[in-house]
Structure formats: C-alpha cells, structure tokens
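The structure appears below as structure tokens.
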Amino acid sequence: MKINKGIRISIIILVVILMSIISFVGIYVQNQNRMENIVPEYQWGMDIEGSRKIVVSVSDEVEEVRYDANGNVIADSDTTTEVARTEENPVNTEESKTAENYKKSRQIIEKRLKEMQVADYTVRENEENGSLTIQIPENDDTDMVVGNLITVGKFEILDDQTEEVLMTNADIASATAGYGTTTSGTTAIFVNIQFNNEGKEKLRNITQQYVETEVQTNTVSEDTQTNEEAQNTQTNGETANTADTETQTKRIRINIDGQTLLTTYFEEEITDGLIQLSVGSTSSSTTTSELQNYLIQAQAMATILNNGDMPLTYEMEQNKFVASDITPQMLQMVGYIGLILLAVLVLYMIVRYRKEGFFLGIALLGYVAALLLIIRYANVMVTIDGMLAIALVTLVNFWFLVKLMKMGQEVEDAKIAFRKVVQHIAWVLIPIAVIAVVFTFAAWLPIFSFGMIIFWGILLGVVYHYILTRTLWIDIKK
C-alpha cells in the first residue's frame with residue numbers, strides 16, 4: 001500500500017524526535033524506588049575520566065627449592081619428607097633478562113589488553129631494564145584488568161606422580177569462557193581449551209594412558225595341609241598362589257603458574273582436542289552476581305591462555321589513579337556548548353532555506369542523535385580527539401545538507417539533485433573513510449577514538465541519508 005507523502009514526512013519527524021529524546025534525555029525506568037536511565041553511559045577516555053597508572057618491573061625475587069636425600073624436589077605441599085638441602089633460585093635468571101624477552105613481555109601485555117577490550121591504553125617499555133609503564137582508563141573493570149596483566153600464565157599438564165610435563169602453552173590453539181551444564185544438570189562456567197594439531201594428538205595419547213585399570217596380582221599365602229585333603233592341593237608346609245585384582249589409576253594434573261586447577265583421569269578417549277575446566281557452578285544459593293564473577297574469572301583465564309606465557313616474572317611497583325584535568329563540570333559545559341552550536345546550525349538552515357531548511361535541519365538533528373546512540377551502544381571510547389571527531393562529522397553532514405539545498409535550487413528533479421550532491425561529496429569522504437578504517441583497527445594509535453567515531457559517522461551518514469534524508473527530500477520537493 002502506497003503511503004501518503006504527508007504521512008511519510010510525519011513518520012520521519014516522529015522518528016527523529018524519538019531518537020533525539022532517547023539520545024539527549026534517555027529512557028528512565030523504575031528500579032528499587034528510583035528512576036534509572038537504561039541507555040548506556042558514554043565510555044570516556046583517560047584524558048577525560050582519569051587513568052590508572054601501573055608500573056611493573058622485572059622481579060628480583062628468589063624461590064626456595066627443597067630437596068630430599070635422593071636429590072628429588074620436595075613439593076611445597078609436602079610437610080612430611082625430610083629436607084636434605086635447600087637452594088634459592090631467582091625467578092628470573094640473568095640469561096632470561098634480554099631485550100627480546102622484554103619486548104615479548106610487552107607484546108603479551110598489549111595482547112591481553114586488547115582481548116580484555118581495553119580500547120584506550122598506553123604501554124611504555126624501558127629497554128634497559130625491561131620495566132613497563134602502563135596506563136588504562138579508570139572504570140569498573142580496571143581492578144580486574146590490573147589483576148591479570150602480569151600473571152605469567154604458565155600452563156602445564158603433568159603426570160601426577162612423576163611430575164613429567166606432558167603439555168604446555170605451546171599446545172594451545174585457543175581458549176574461551178562460557179556457560180555449560182554439568183553431569184548433574186546444573187549450570188556451570190567453563191573455560192574451553194582447544195588444542196592445536198600437535199596438542200590434539202598429545203591429548204589423545206594422554207587420554208588413552210591416564211585411565212583407571214584393573215590389574216591382576218598374585219597373593220602368596222602359607223597353607224598348612226595334609227596329603228589327604230585333596231589331590232591338587234599343596235603339601236604340608238608349602239605355599240599357595242591365589243589370583244587377585246586391584247584398581248590402579250594414572251592421573252594427570254593441570255597447573256597454571258604452579259597452582260593445581262584439577263587432578264583427574266580419563267574415562268574415554270578425547271579425539272577433538274578439547275577439554276573443559278570448570279570455574280564454578282550454580283546451586284540453590286548461587287546469586288546472579290556470583291555467577292557473573294565466575295564468568296569474569298573464566299574470561300580472565302581464557303585471556304591469559306590465549307596469549308601465551310610471559311618469558312619473565314614481573315612485580316608491581318606502582319598502581320595509582322591519575323586524575324584528569326577535565327572536571328565533570330567542564331565536561332557538562334562542553335555538552336551544553338555542543339547542543340547550542342547544533343541549534344545554531346539548524347537555525348541557520350531554517351532562516352536561510354525556509355521550509356527545506358526546517359525539514360533538513362530536523363534531519364541533521366536526527367543524525368547527531370543517532371550517532372551519539374551508536375557511540376554509546378557500540379562502547380566507543382570517547383576522548384578529547386573523539387569529541388573533535390563528533391564535531392567534524394556533524395559539520396560534514398551539515399555541509400552535505402546545505403549543498404543539497406543549493407543543488408535543489410538549480411536542479412528541479414529532487415532525485416537527480418540528491419544524486420549529484422552524493423557524487424560530489426564522495427570524492428571527499430572516500431579518503432577520509434579509508435583513513436578512519438586504518439585508525440579503527442589500529443588500537444595502538446593515539447587517535448584511535450578519533451578514527452572510530454569518524455568510521456561510525458561516515459557509515460551512519462551513508463545509511464541515514466539514503467534511507468531517511470533522501471525520502472524526506474523527495475517528499476518536500478514534490
């Protein structure tokens with residue numbers, strides 16, 4: 001059914017008004033006797049919200065290793081074996097303190113930051129001693145991020161008796177965290193470890209060997225008998241052998257940084273190279289927040305396993321909050337100034353181009369509202385240069401709409417006028433879009449936020465103006 005152009009225009013204006021209310025005011029619902037805005041908050045960058053400054057250095061600590069009389073290492077948990085001698089070994093040998101290992105450690109920390117979705121960060125390396133200075137935004141996740149930055153992440157599967165290392169980080173292809181169901185039917189949080197081709201074969205062999213088996217044993221017992229008891233029995237004073245069975249179980253132990261996560265054996269062969277480690281499961285008393293904490297722990301473990309173990313052990317020297325020079329009052333003032341400037345642009349369009357200016361001014365307002373919503377829902381980090389990007393894409397779209405109204409005065413056909421303006425502006429937007437894409441996928445660049453917002457601004461502009469502005473323009477020109 002064909003919709004009347006008046007109804008179409010009314011629908012478009014209502015949509016713009018609704019987007020503007022949601023974007024500039026929010027959606028408020030009652031939550032525990034108070035009104036709460038369910039529209040996500042902006043993710044502010046370090047230069048606006050403040051940052052956490054972390055300084056870590058290559059550790060000089062030593063570990064005490066205990067040996068028994070046979071020269072075997074005594075486990076820390078063993079309190080009964082007599083100690084014959086002890087050694088103090090540095091956690092980082094002098095041979096390991098190389099420029100290559102300093103660089104590798106920095107790269108692993110950067111990979112962990114990316115996987116934990118920390119968009120705005122800096123990592124500076126002291127090439128002489130390997131110390132690292134890290135700055136990340138201050139938010140609700142900061143403590144969790146800091147807690148997992150310098151974990152060594154050494155993964156091992158060992159023989160539980162001989163301590164032989166069977167698998168390491170080198171055998172892991174990927175690790176993910178997620179929900180699952182236990183054999184009892186309860187919900188649990190798992191870390192799923194997928195091994196690479198070599199690791200898959202190793203795991204298959206392990207699951208064939210580390211099982212529960214029954215073996216026959218010969219029990220020798222003394223039996224006093226007479227020759228008259230039975231023809232096939234042993235004579236008086238001799239011994240008789242009786243067959244017996246006993247269960248023997250070979251177990252493996254899964255460790256991360258020397259801490260045992262699981263000791264187990266296998267009931268069946270694993271051929272797909274996938275094992276699951278349970279982090280926590282639900283019970284009748286488990287709360288939603290506890291389950292969420294289990295998931296956070298699992299995600300942190302997966303992040304560490306995905307990016308390899310650190311070649312060096314680091315220790316924390318500094319962990320402090322660095323306040324921003326921009327106060328909340330200043331940020332609020334910037335928001336008010338932005339709204340005033342937007343109102344000035346819309347007012348200019350109305351005064352200069354009358355009816356066309358009014359409707360396309362509404363379109364500009366809707367574009368800005370939609371962009372701000374995308375920034376919030378896409379969790380785009382907003383920094384000072386990000387604010388400049390918002391202003392830039394707003395001006396570009398203002399320029400596009402002004403060009404459209406000028407072209408409308410020269411070309412009578414509204415569709416042709418729209419197409420000519422798009423062709424004209426494309427020569428400017430295409431190189432900007434390419435640069436924005438580069439910035440978007442290069443988080444190490446200091447103007448990452450700028451690139452992300454330019455990218456979303458251009459993408460939104462193409463879709464928004466083709467669907468909404470084009471329809472509105474053609475209808476008001478009829």
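The values are calculated or read from the model by the stated rules, or taken from the named source; none is laboratory data. Please read these numbers as outputs of a predicted model, since none were measured by experiment. Don't worry about glycine lacking a Cβ; one is built from the backbone with ideal geometry, like all the others, and counts go over all protein chains shown.
The table that follows gives values for the structure above.
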{"read-out": "Residue check, Ile435 at pLDDT 80 or above and part of a helix (DSSP H, G or I)", "value": "no"}
{"read-out": "Failed condition for Asn205, given (1) part of a strand (DSSP E or B); (2) modelled with pLDDT of 90 or more", "value": "(1)"}
{"read-out": "Any pair with Cβ under 7 angstrom, 6 or more apart, that starts in region 250-275 at a residue that is without any contact (Cβ under 8 Å) to a residue 60 or more places away in the chain and ends at one that is assigned to a loop (DSSP other than H, G, I, E, B) and of a type in the set (Lys, Arg)", "value": "Thr264/Arg251; Tyr265/Lys250; Tyr265/Arg251"}
{"read-out": "Flag for Ala298 being out of contact with any helix residue (DSSP H, G or I) (no Cβ under 7 Å at 6 or more places or on another chain) and either surrounded by fewer than 16 Cβ atoms within 10 Å (Cβ to Cβ) or in contact (Cβ under 8 Å) with a residue 12 or more places away in the chain (or both)", "value": "yes"}
{"read-out": "Unmet criterion (only one of (1) modelled with pLDDT of 90 or more; (2) farther than 26 Å from Ile326 by Cβ) for Leu371", "value": "(2)"}
{"read-out": "Residues that are closer than 19 Å to Asp257 by Cβ, in contact with a Phe, Trp or Tyr (Cβ under 8 Å, 6 or more places away or on another chain) and in a strand (DSSP E or B), drawn from region 160-180", "value": "Met167, Thr168, Ile172, Ala177"}
{"read-out": "Identity of the residue in region 138-178, exposed (fewer than 14 other Cβ atoms within 10 Å of the Cβ) and β-branched (Val, Ile, Thr), that ends up modelled with the highest pLDDT", "value": "Val165"}
{"read-out": "Hits in region 365-419 - residues which are more than 26 Å from Ser449 (Cβ to Cβ) and either outside any helix (DSSP H, G or I) or among the aliphatic types (A, V, I, L, M) (or both)", "value": "Val402, Leu404, Met405, Met407, Val411, Glu412, Asp413, Ala414, Ile416, Ala417"}
{"read-out": "Entirely in region 18-74, the strands (runs of 3 or more DSSP E) that have 2 or more residues that are among the hydrophobic types (A, V, I, L, M, F, W, C) and crowded, with 17+ Cβ neighbours inside 10 Å", "value": "51-58"}
{"read-out": "Test: residue in region 318-329 that is part of a helix (DSSP H, G or I) and more than 30 Å from Val91 (Cβ to Cβ)", "value": "yes"}
{"read-out": "Selected residue (criterion: farthest from the chain's Cα centre (by Cα)) from residues of region 87-132 that are in a strand (DSSP E or B) and at pLDDT 85 or above", "value": "Pro90"}
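Rundown of residues vs (1) touching a strand residue (DSSP E or B) at 6+ places or on another chain (Cβ under 7 Å); (2) of a type in the set (Ser, Thr, Tyr); (3) touching a residue at least 60 places away in the same chain (Cβ under 8 Å), yes/no style:
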| site | (1), (2), (3) |
| --- | --- |
| Thr86 | yes, yes, no |
| Glu94 | no, no, no |
| Lys97 | yes, no, yes |
| Arg124 | yes, no, no |
| Ile134 | yes, no, yes |
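Conditions (1) free of Cβ contacts under 8 Å to residues at least 60 places away in the same chain; (2) farther than 25 Å from Ala426 by Cα; (3) of a type outside the set (D, E, K, R); (4) in the same structural domain as Ser23 (by TED's automatic domain parsing), marked per residue:
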{"site": "Ile340", "(1), (2), (3), (4)": "yes, yes, yes, yes"}
{"site": "Tyr353", "(1), (2), (3), (4)": "yes, no, yes, yes"}
{"site": "Arg376", "(1), (2), (3), (4)": "no, yes, no, yes"}
{"site": "Met381", "(1), (2), (3), (4)": "no, yes, yes, yes"}
{"site": "Phe398", "(1), (2), (3), (4)": "yes, no, yes, yes"}
{"site": "Leu404", "(1), (2), (3), (4)": "no, no, yes, yes"}
{"site": "Gly408", "(1), (2), (3), (4)": "no, no, yes, yes"}
